[in-house]
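FYI, it's all coordinate maths here, none of it is from the lab. Source: prediction; values computed, not measured. Quick reminder, even Gly has a Cβ in these numbers, built from the backbone with ideal geometry, and neighbours come from all protein chains shown.
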Amino acid sequence: MDNSEGKKKIIQRLKRIEGQIRGIQRMIEDDKYCIDVLTQVAAARAALDRVGMIIFEEHSHSCLLKAIEEGQVDALDELMHALKRLLN
């Protein structure tokens with residue numbers, strides 16, 4: 001990931017997610033209502049999914065294009081495998 005501004009935004013998102021996870025830990029320690037905990041788990045998972053998609057898009061627009069220009073034909077297969085891992 002070359003874009004320092006993009007990297008900064010991703011790190012900010014990850015720090016927010018880290019805070020969400022700590023919040024979930026506190027909720028469990030404090031015996032909060034299970035449905036509320038599950039709601040927060042879903043929110044954290046969705047936030048992580050968004051980070052994954054941002055990284056996927058960045059890779060597609062920069063690294064993948066560069067690899068294709070350099071004749072690395074397996075780059076698209078690698079991207080598809082990464083997408084499958086991200087979606088599962």
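Rounded to whole Hz and in sequence order, give me ³J(HN,Hα) for region 71-81 from the Karplus expression 6.51 cos²θ - 1.76 cosθ + 1.60, θ = phi - 60°, writing x for Gly and Pro.
For region 71-81, the Karplus curve yields x, 7, 5, 7, 5, 5, 4, 4, 5, 5, 5 Hz.
So how compact is region 4-87: Cα radius of gyration and Dmax in angstrom?
Cα radius of gyration and Dmax of region 4-87 are 17.2, 56 Å respectively.
If you place +1 on the Cβ of every Lys and Arg, -1 on the Cβ of every Asp and Glu, and leave all else neutral, what size is the dipole of the chain about its Cα centre, to the nearest 20 Debye?
Details: 14 positive and 15 negative charges, 89 e Å.
About 420 debye.
Pull out the extension gain between ARG16 and TYR33, defined as 0.36 nm times the separation in residues minus the alpha carbon to alpha carbon distance; nm, one decimal.
Length gained, ARG16 through TYR33: 3.9 nm.
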